[in-house]
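Below is one structure, written out as structure tokens; comments come after it.
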Amino acid sequence: MTLSDVITASGIPAAAGIPFSSCRVTKKYMLDRLGFVPESAYIGIIPYLSEEFDRSEKKTVSAYAAAKDYHIFIKNTGEEIIGTASGIFPGYRFSVCGDVSPIDERDAAAKAGLGVIGDNGLLITEDYSSFVFIFEILTDLPPDTPSREPGRCIGCGRCRRACPVFTEGIGCLSSVTQKKGDLSPEEKKAIVKFGTAWGCDICQNVCPFTEKARKKGTIWSPIGFFNENVLPSPTPETLADDADFAGRAYSWRPKSVIERNLKLLTDNTIPENDK
């Protein structure tokens, strides 16, 4: 049994371990905190798109934010994997990372053969398109997969042609929805036009890999966590539940941020003095 086997046995659909020397280090200070020198990075992909969300007629948040906060899943599953691995591989050390990582996760996942890098900067997989999170376990255990040259997508240009960065002349729409304080008239108009209170899935939805995965019926997450407590369109009432809000991905910003965006969508208009 390899560490990749331990990872997939936890419900993660695909994993591979590559030499740490082939990883691109982006946050050296995080490595210094590990207390050991990693020999490998075992990369896992976590599909998160729920069928309930995907088929919902009204969606005002990005797919990644519809279920409970994915950081909770990564923490709990990572601890489970490390507990099992420590028993199978005694004497070796392990550390789980996800989202905040000392390495470029997309680059490492592509080098592990788990997907290709898209023109939108996301990892694109065969079965789940880009609707995946990436996490890794850094360890002094040897790798089980040789590193390869990271692949690229087909370069069709659909994502760039659809992106509001280019169509609206604003910054990343996902970043706009997460911005604290006042928004510019152009930013407000973009939120209303694209109907999003948090995040943006435009480049993912227009991708031909997404179309292919939907036709195959593989795109939806097989992981229970991402198919429970799904909330495609938060309301002022659901946001008033502090316990629920604290467990959502958008809670890393003050509640006022998503409340502001929801009000823009509810009003469905831009104040005259902002035009």
Inset, instruction - Report, by residue number, each residue of the range 119-136 that is part of a loop (DSSP other than H, G, I, E, B) and surrounded by fewer than 24 Cβ atoms within 10 Å (Cβ to Cβ). - result: 119, 120, 121, 122, 126, 127
Inset, instruction - Would you mind stating whether residue 54 is closer than 30 Å to residue 196 by Cα and surrounded by fewer than 21 Cβ atoms within 10 Å (Cβ to Cβ)? - result: yes
Inset, instruction - Among the residues of the range 144-172, count how many are of a type in the set (A, V, I, L, M, F, W, C) and under 30 Å from residue 7 (Cβ atoms). - result: 3
Inset, instruction - Mind telling me which of the residues 92, 128 ends up being touching a helix residue (DSSP H, G or I) at 6+ places or on another chain (Cβ under 9 Å), within 23 Å of residue 22 (Cβ to Cβ), at pLDDT 95 or above and of a type outside the set (Val, Ile, Thr)? - result: 92
Inset, instruction - Starting from the range 181-209, take each residue that is aromatic (Phe, Trp, Tyr) and list its partners that are buried (at least 16 other Cβ atoms within 10 Å of the Cβ), counting only C-beta distances under 6 angstrom and pairs at least six apart or across chains. - result: 198/61; 198/65; 198/177; 198/250; 198/258; 209/124; 209/129
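Out of contact with any Cys (no Cβ under 7 Å at 6 or more places or on another chain), in a loop (DSSP other than H, G, I, E, B) and touching a residue at least 24 places away in the same chain (Cβ under 8 Å): is that true of residue 90 in this structure?
On the way: out of contact with any Cys (no Cβ under 7 Å at 6 or more places or on another chain): yes; in a loop (DSSP other than H, G, I, E, B): yes; touching a residue at least 24 places away in the same chain (Cβ under 8 Å): no.
No: the conditions fail for residue 90.
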Inset, instruction - For the range 93-117, name all the residues that are part of a helix (DSSP H, G or I) and of a type outside the set (D, E, K, R). - result: 108, 109, 110
Legend entry - Qualifying residue in the range 22-40 (condition: among the small types (Gly, Ala, Ser), assigned by TED's automatic domain parsing to the domain that holds residue 131 and in contact with a Pro (Cβ under 8 Å, 6 or more places away or on another chain)): yes
Inset, instruction - Could you tell me whether the range 244-266 includes any residue that is exposed (fewer than 15 other Cβ atoms within 10 Å of the Cβ) and among the hydrophobic types (A, V, I, L, M, F, W, C)? - result: yes
Inset, instruction - Check whether at least one residue in the range 146-153 is out of contact with any strand residue (DSSP E or B) (no Cβ under 6 Å at 6 or more places or on another chain) and not in a loop (DSSP other than H, G, I, E, B), and report yes or no. - result: no
Inset, instruction - Select from the range 167-186 the residues that are surrounded by fewer than 18 Cβ atoms within 10 Å (Cβ to Cβ), touching a helix residue (DSSP H, G or I) at 6+ places or on another chain (Cβ under 6 Å) and part of a helix (DSSP H, G or I) and list them in ascending order. - result: 185
Inset, instruction - State whether the residues of the range 71-78 include one that is outside any helix (DSSP H, G or I) and either closer than 20 Å to residue 139 by Cβ or not small (Gly, Ala, Ser) (or both). - result: no
Inset, instruction - Check whether at least one residue in the range 199-210 is over 18 Å from the mean Cα position of the chain (by Cα), at pLDDT 95 or above and in a loop (DSSP other than H, G, I, E, B), and report yes or no. - result: no
Inset, instruction - Being over 24 Å from residue 236 (Cβ atoms) and either among the aromatic types (Phe, Trp, Tyr) or modelled with pLDDT under 95 (or both) is the filter here, so list the residues in the range 39-54 that pass it. - result: 42, 48
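The values are calculated or read from the model by the stated rules, or taken from the named source; none is laboratory data. Since the model is a prediction, treat every value here as computed from it, not as a measurement. Glycine gets a Cβ as well: all are built from the backbone with ideal geometry, and neighbour counts include every protein chain shown.
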